[in-house]
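I have placed the structure first, in the form of structure tokens, so that the comments after it can refer back to it.
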Amino acid sequence: MQGLVHETRPDKDGVEHAEIPFATPGGTDEVYALPTQAIPIIFLPGIMGSPLITTVRENRRMFLGQGHWAWRPDYSYTWMLTGFWRLGAADRRQLLNPKAVRPLEPEDADMDLLEDEDIVFGLSAQEAARRGWGSTMVSSYAPIMSYLESNLRRIMQRGKISDSTESVRPAAPAEWGTLHGYERLTDEEIEQAAEWRFPVYAVGYNWLASNKEGAEYVKRRVDAIRQDCRVRLGLQCDKVIFVTHSMGGFIARSYAQSYPDDVQGIVHGVQPAVGAPAAYARVRTGWEAPGFRITQFGASSEALVSSWILGANGTEVSAIFANAPGPLELLPNRQYGPDWIVVESGEGRAKRTLFSVPAQDPYVEIYGRHDVWWRLMNPRAINPSDPTQQGVTAAWGDYLEQLTTARAFHEELGAYYHPMTYAHCGSDVHQKAWRRVTWSLQPLREVSTGVLNRTPQAEGVRNARLMLDGMKGHCEIFDSSTAGDVMVNRNGQGVIRRSTGSSYRAWLGPPDGPGDATVPAHSGVAPRQHASFFAQMQGFDHQGSYKDPQVQQVTLYSVLKIAAKAQSLQ
């Protein structure tokens, strides 16, 4: 007589066990045990997706009741109201200094938070902490980690392909989006993948530091994870699979470039592969400029809080970005291509492009310049605590060092991708992102004559002087090349007056192309030519991408495809 069939699950110590109350009378109960060889799945979050702890004692006094935190994304409302929101640009610069923070180690996990999410995880809070899940932004990333942990345990059930695995063999794959390199998972591939166990880990990192430095930190954590698999979980373990979100893709690529033998494959999600103009726009406007759509963290209320925290204007954002190579590495690099900043005038049919930059090198033509009005960085915003000329000069020099670090990272990484790369991006016209940043000019009246300034000319505007920059998405520029005599009306008579030049207000335009509301499709699709499989998808924003059911399915499909090619350790 056939008895009951039982499956194992991890207890609070991570040990697999099955609860078997009594054997069926006259029958034999069966227990399905998981494989004893493993490929750990390591999730790498995006920028700001890793909480940070301050390592400078004096910085702890900045918060009321917040202790050692420097960045705490899962407590945005409380954290904003009691701490970060009241900090000025100088304090933000001091607190979020890449050399004054560190990421969370597994033992630093906020157990109250993990226990609150215990049902979502499918793991005990203790085991989730050991796996490093608390080192990431739980509210954004628990859904994908839980999904993978649960479904990779059930690739096959009772000798048959499970329903969850069948879901990544859809009857109409085009429902996922525009697919490149798609091949249906075969029964044989599923059986091969089912020979492995896939414990899901996560590694938060210092997103303020260079991604090269982040990759070296992840190397230390990967070695510890493989040791954990071998000793605590009792599994044979060698290579790992990275699943990445946004900036985490840079970390994984840099890691694989240095340590290719450690990596079985990489699944990239919404990676700003060649940079994103949103990084430029946010330095010039604030995290979400007035009038622009609030999209960074999905729900508009959450995004508004995040924009207040990260910087409501460019001065507050600059104080962080200018002193941290990690955020600077999200800027468009040379691979992004030319002419992504456009200056135009007029409206409707009269609209015309005056000029665009860069021609070749954004570091030289944009990021490294302080003498052009379309610059990235305001020298006086880099170190707000020292407004003296000497202080401003020193701050600019410090910024150029960070920029040099970012450029070196871009050049070393180049177009490298792991040979087993699977990737997806957002390419949605309803989730617009900056493909190009457009400055539109509005003529102002000249003070001395009262005459509306002349139609702007390309060369004059290119060389115009920056007169006023509110760092909120608009600035005023002055073109002295238009100086000369003009005829003005004074009480019905024409009178000659001397004009000193023309002034214009330049407005930074809203996102203009398909994407995920942060990364434009132009950058998101860059891995396509290097990937075994690539999906251009719709229906989600950047931060919430891994909460999307179809993105979760594409990720599971990708992991199974990668695992099916792994060489057995037994």
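Where Rh is the Kirkwood radius over the Cα pairs of region 103-151, the temperature 25 °C and the viscosity 0.890 mPa s, what D in µm²/s does Stokes-Einstein return?
Translational D for this selection: 237 µm²/s.
Pull up the cross-link candidates among the lysines for LYS565, meaning alpha carbon to alpha carbon under 22 Å and not fewer than 8 places away within one chain.
LYS160, LYS239
Could you give the nm distance between label points at GLN335 and ARG505, where each point is 7 Å from its Cα heading toward the beta carbon?
4.0
In nm, to one decimal, how far is the ALA174 label point from the GLN529 one, both placed 7 Å along Cα→Cβ?
Reported label-point gap for ALA174 and GLN529 is 2.6 nm.
Starting from the Cα-Cα distance between ALA458 and ASP512, subtract it from 0.36 nm times their residue separation and give me the gain in nm to one decimal.
The span from ALA458 to ASP512 would gain 17.2 nm if fully extended.
Kindly identify region 341-460 as rounded, prolate or oblate by the Cα gyration tensor criterion: order the square roots of the eigenvalues as a ≥ b ≥ c, call it rounded if a/c is under 1.5, otherwise compare a/b with b/c, prolate if a/b is larger, else oblate.
Because a/c hits 1.5 or more and a/b fails to exceed b/c, region 341-460 counts as oblate.
Pairs of Cα atoms under 8 Å, at least six residues apart: use those to get the relative contact order of region 95-155, whole percent.
Relative contact order of region 95-155: 34 percent.
Please rank VAL263, VAL317, fewest neighbouring Cβ atoms within 10 Å first, as an exposure proxy.
Ascending number of Cβ neighbours within 10 Å: VAL263, VAL317.
Projected onto the charge dipole of region 162-297 (+1 at Lys/Arg Cβ, -1 at Asp/Glu Cβ, origin at the Cα centre), which of ILE266, ALA224, ILE190 gives the Cα projection farthest towards the positive end?
With unit charges placed on the Cβ atoms, the residue in question is ALA224.
Rounded to the nearest 0.05, what FRET efficiency do SER167 and LYS565 have when you use their Cβ-Cβ distance and R0 = 30 Å?
Approximately 0.90, to the nearest 0.05.
Along the Cα-to-Cβ line of ASP108, 7 Å from the Cα, sits a label point; which residues in region 219-260 have backbone N less than 14 Å from it?
Correct set: 221.
Sort MET145, MET156 so that the residue with the fewest other Cβ atoms within 10 Å of its own Cβ comes first and the one with the most comes last.
MET156, MET145
Given 0.36 nm per residue, what is the gain on full extension from THR404 to GLN236 after removing their alpha carbon distance, in nm?
Using 0.36 nm per residue and subtracting the Cα-Cα distance, I get 56.3 nm.
Would you list LYS472, LYS351 from fewest to most Cβ contacts within 10 Å?
LYS351, LYS472
Using the basic label-point model (7 angstrom from Cα toward the beta carbon), what is the ASP223 to ARG184 distance in nanometres?
So the label points at ASP223 and ARG184 sit 4.6 nm apart.
Below 22 Å, Cα to Cα, which lysines can LYS99 reach? Residues fewer than 8 away in the same chain don't count.
Within reach: LYS212, LYS219.
Test of understanding: what is the full-extension gain from GLU411 to GLU115, defined as 0.36 nm times their sequence separation minus their Cα-Cα distance?
Extra length available between GLU411 and GLU115 comes to 102.3 nm.
Which value in Å does the Kirkwood hydrodynamic radius of region 510-570 take, with 1/r averaged over all unlike C-alpha pairs and then inverted?
13.4 Å is the Kirkwood radius here.
Give me the percent relative contact order of region 186-263, please, defined on Cα pairs under 8 angstrom at least 6 residues apart.
29
FYI, it's all coordinate maths here, none of it is from the lab. Please read all numbers here as calculations on a predicted model, not as lab measurements. Backbone-built Cβ (ideal geometry, glycine too); neighbour counts: all protein chains shown.
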